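J.: Attaching a single structure in structure tokens format; questions to follow.
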Amino acid sequence: MKHYIRAAGGAVLGLLAMACGDGGFTPDPGVRTEDAEAVDLENLRILVSGEARVFPEAEGMASAPASLTGMALTVEEPLRVAVNDAAATFATGEVSEDGAFRITGVPVRDVHQGLAVGLSHDGLVRSTTLVYDTAFTGTRPRTDIIDAHAWALPSAFVDQLGAAVGAPRLQVHTGDPEATLASAGFVLGRVVDLNGQPVSGARVALDRAELADRVYYPSADLTSVDTAGTAGTAAHGLFLFVHSGAGVSSFQVSVEGTSAYVPRNVDVGPGLGVVLTVYPGRYAP
């Protein structure tokens, strides 16, 4: 018999892989396992489903697509995407008329740090939204991932964020006077609370001090950035990391002054926008 359990307050649902007898692993506390079956993690395939939408702050922009229907989606690992690994994509699908997506048969044996859902289309910046992070469990996914969000980033919206950072700063980070935020690569993160509401005044910390000057906090109207970082996030909870435009930046990001937010894995490369929601606890609100 198999148990199907929804994690409280989270976006993960599916067959909890509990082993019986020797050779198994320790199940999550509080889950009944007396009649659960072992799962072959080397050959496990999962479902990734959810909704694809235009990033909230970009909705209503003249250049934002009216619909994402029919757009291709990829289930991928950002680290592998960043290094142009040919095996970065684990499965593909497309957005349905109501914005939903459902991608079955996603293999997880080769996941290193996490899974994301990628979007690439005319008028959009190539983006990938993190939907699973091994930082929470120390292991690959063992359950289906449901209620995930994949965020589309219109090019004009990313250009606006790049203008807020400013060409001089982009040149300092990339060494290229013609660099844009899209070409440099970036991380667009949002800090939220237990209810999924944006947190203002939050400051993020990287585990690599030499990258700290690449973090910016966009103003409430997204027309400027807090260069000193003293104010932290505005009411929308957003922060921005600017990549160098070359190679890969790998680091962990956490929220200063609290242990409730698990440090998250981040990998970004040139031409890639990584979208990340930072929330307290183990499960997405």
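J.: Could you work out how far apart the two model spin labels at residue 139 and residue 156 are, taking each label as a point 7 Å from the Cα in the direction of the beta carbon, and quote it in nm?
T.: If labels sit at residue 139 and residue 156, their model points lie 4.8 nm apart.
J.: Right, here's the next one. May I ask you to compute the full-extension gain from residue 205 to residue 121, defined as 0.36 nm times their residue separation minus their alpha-carbon distance, rounded to one decimal in nm?
T.: Full-extension gain reported as 27.0 nm.
J.: In whole Hz and in residue order, list the ³J(HN,Hα) couplings for the range 146-162 that follow from phi through the Karplus curve 6.51 cos²θ - 1.76 cosθ + 1.60, θ = phi - 60°; x for Gly and Pro.
T.: Listing the rounded values in order: 10, 6, 7, 10, 10, 9, 8, 10, x, 4, 5, 5, 5, 4, 5, 5, x Hz.
J.: Non-local amide H neighbours of residue 205 (under 5 Å, H modeled in plane, Pro and chain starts lacking H): which ones?
T.: Amide H neighbours of residue 205, under 5 Å, 5+ apart: 254, 255, 256.
J.: Return the carbon/sulfur percentage of the accessible area of the chain, one whole number, probe 1.4 Å, all protein chains in place.
T.: 50
J.: Determine the distance separating the Cα centre of the range 52-128 from the Cα centre of the range 136-156; give it in Å without decimals.
T.: 9
J.: Taking amide H atoms as placed 1.01 Å from N in the peptide plane, list the residues 5 or more away in sequence, or in a different chain, whose amide H sits under 5 Å from that of residue 152.
T.: HN-HN under 5 Å from residue 152: 53, 54, 55.
J.: Which sequence of 77, 256, 210 reflects their accessible areas, 1.4 Å probe, from the largest down?
T.: Final ranking, largest accessible area leading: 210, 256, 77.
J.: Using the Karplus equation 6.51 cos²θ - 1.76 cosθ + 1.60 (θ = phi - 60°), what ³J(HN,Hα) coupling, rounded to whole Hz, does each residue of the range 277-285 give in order, writing x for Gly and Pro?
T.: Per residue, the Karplus-derived 3J(HN,Hα) values read 9, 9, 10, x, x, 9, 10, 5, x Hz.
J.: Pop the C-beta distance of residue 283 and residue 252 into the FRET formula with R0 = 22 Å and round what comes out to the nearest 0.05.
T.: Computed FRET efficiency for residue 283 and residue 252 comes out at 0.70.
J.: With only alpha-carbon atoms in the gyration tensor, what are the semi-axes of the equivalent ellipsoid for the range 180-285, in Å, largest first?
T.: Working: eigenvalues 85, 51, 32 Å².
That gives 21, 16, 13 Å for the three semi-axes.
J.: Something else now. Over all distinct alpha-carbon pairs, what is the Kirkwood Rh of the range 156-223 in angstrom? Each step should come with its number before you reach the end.
T.: On the way: mean 1/r = 0.0745 Å⁻¹.
13.4 Å is the Kirkwood radius here.
J.: For residue 69 and residue 45, what does the FRET efficiency come to when R0 = 25 Å and r is the distance between their Cβ atoms, rounded to the nearest 0.05?
T.: About 0.45, to the nearest 0.05.
J.: Where only protein heavy atoms count, and the probe is 1.4 Å, what is the accessible area per residue for the chain in Å²? Intermediate values should be presented prior to the final figure.
T.: Numbers: 12720 Å² over 285 residues.
Accessible area per residue: 45 Å².
J.: Turning to a different aspect of this structure: Hey, what's the per residue convex hull volume over the C-alpha atoms of the range 32-128, in cubic angstrom?
T.: Taking the convex hull of the Cα positions in the range 32-128, it is 142 Å³ per residue.
J.: Would you mind checking which residues have amide H under 5 Å from residue 219's amide H? H placed 1.01 Å from N; only 5 or more apart, or other chain.
T.: 224, 225, 226
J.: Also, I was wondering about something else. Based only on the alpha carbon positions, what is the Kirkwood hydrodynamic radius of the range 102-146, in angstrom?
T.: It works out to 11.9 Å.
J.: Moving on. Once the Cα gyration tensor of the chain is diagonalised, what are the square roots of 5 times its eigenvalues, in whole Å and ordered largest first, as equivalent ellipsoid semi-axes? Intermediate values should be presented prior to the final figure.
T.: On the way: eigenvalues 213, 85, 63 Å².
Equivalent ellipsoid semi-axes, largest first: 33, 21, 18 Å.
The values are calculated or read from the model by the stated rules, or taken from the named source; none is laboratory data. Remember, predicted model here, so these are calculated numbers, not experimental data. For neighbour counting, all protein chains shown are included, and Cβ atoms are generated from backbone atoms with ideal geometry for every residue, glycine included. Only protein heavy atoms, including side chains, enter the accessible area calculation; ligands, DNA and RNA are left aside. Shrake-Rupley method; radii C 1.70, N 1.55, O 1.52, S 1.80 Å.
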